[in-house]
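Below is one structure, written out as structure tokens; comments come after it.
FYI, it's all coordinate maths here, none of it is from the lab. Quick caveat: nothing in here was measured; it's all calculated off a predicted structure. With ideal geometry, Cβ positions are generated from the backbone for all residues, glycine too; neighbour counts draw on all protein chains shown.
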Amino acid sequence: MKKVCFVCLGNICRSPMAEFVMKDLVSSENLLIESRATSNWEHGNPIHHGTQGIFKKHHIAYDYQKSSQQISYQDFRDFDVIIGMDRNNVADLKEMSRGRFDEKIFLFVDGGVPDPWFTGDFDATYELVKRGCEQWLARLRNS
Ligand code: 4NP
């Protein structure tokens, strides 16, 4: 079972979007998919209503109980693939883990996913996240 974790700054907008879009794409794969934050700023808070709106619009099942959780050292050990949603997330992940897990830390898509917390454009985020998840699924299936 391959364990995959999507990570963004707050774990309320982009990484939960990637988590549930990916879960929606995956059928019988041997994949465990979760998401985390680099920060503790939104700790315990629910998925942003903009991201929940995207799930409803596209009929993507998600966990209403999911709340923001900061990535832990144990997470760095446990997950096989840790995917930062933008370059800052990747840099923060590498710094937080002091270079010990660089081989399992990746950027989600070239250029990263702009933060809808700032852009307000959750539809544009969804298009990038969907395409990125499809590419990651193909990559994970081939590895
Ligand atoms: P996310 O978006 O990293 O995609 O979950 C953000 C959520 C919260 C904040 C920033 C970005 N914040 O500043 O609290």
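With Cβ to Cβ distances under 14 Å as the rule, what net charge do the other residues near Gln69 carry (K, R +1; D, E -1)?
Charge balance in the 14 Å sphere: -4.
Around Trp117, with a cut-off of 11 angstrom between Cβ atoms, what is the net charge of the other residues, counting Lys and Arg +1 and Asp and Glu -1?
The answer is -2.
Normalised radius of gyration for the stretch 1-55, please: alpha carbon Rg relative to 2.2 N^0.38 Å, two decimal places. Spell out each step's value before the answer.
Details: Rg = 11.5 Å, N = 55, 2.2 N^0.38 = 10.1 Å.
It is 1.14.
Please order Tyr73, Tyr126, Tyr64 by the number of other Cβ within 10 Å, starting at the fewest.
Neighbour counts put them in this order, fewest first: Tyr64, Tyr73, Tyr126.
What is the distance in Å between the Cα centres of the stretch 48-62 and the stretch 64-125?
For the stretch 48-62 versus the stretch 64-125, the Cα centre distance is 20 Å.
Membrane-span-like helices in the chain: DSSP H runs reaching 24 Å or more (Cα, own axis), mean Kyte hydropathy at least 1.0?
Answer set is empty.
Quick one: if the Förster radius is 35 Å, what FRET efficiency do Ala91 and Ala61 give, using the C-beta to C-beta distance and rounding to 0.05?
Rounded to the nearest 0.05, the efficiency is 0.60.
Working out 0.36 nm times the residue gap between Met1 and Arg98, then minus their Cα-Cα distance, what length gain in nm do you get to one decimal?
Result: 32.3 nm gained on full extension.
Could you state the per residue volume, in Å³, of the convex hull enclosing the Cα atoms of the chain?
103
Report the local net charge at Glu103: Lys and Arg +1, Asp and Glu -1, summed over other residues whose C-beta lies under 14 Å from its C-beta. Spell out each step's value before the answer.
Numbers: positive: Arg77, Lys94, Arg98, Arg100, Lys104; negative: Asp80, Asp102.
With Lys, Arg at +1 and Asp, Glu at -1, the net is +3.
Kindly put Asp78, Asp24 in sequence by how many other C-beta atoms sit within 10 Å of each C-beta, fewest to most.
By the 10 Å Cβ count, ascending, the order reads Asp78, Asp24.
Compare the Cα positions of Ile47, Pro16, Leu32 along the charge dipole of the chain (+1 at Cβ of Lys, Arg; -1 at Cβ of Asp, Glu; about the Cα centre) and return the one farthest towards the positive end.
Towards the positive end, the residue furthest out is Leu32.
For Ser39 and Ser27 in the same chain, what is the full-extension length gain: residue separation times 0.36 nm, less their Cα-Cα distance, in nm? Walk me through the intermediate numbers first.
Values: separation 12, 0.36 × 12 = 4.32 nm, distance 3.08 nm.
Stretched out fully, the Ser39 to Ser27 stretch lengthens by 1.2 nm.
Nearest 5 is fine: what % of DSSP beta bridges in the stretch 2-141 come out antiparallel, could you say?
5
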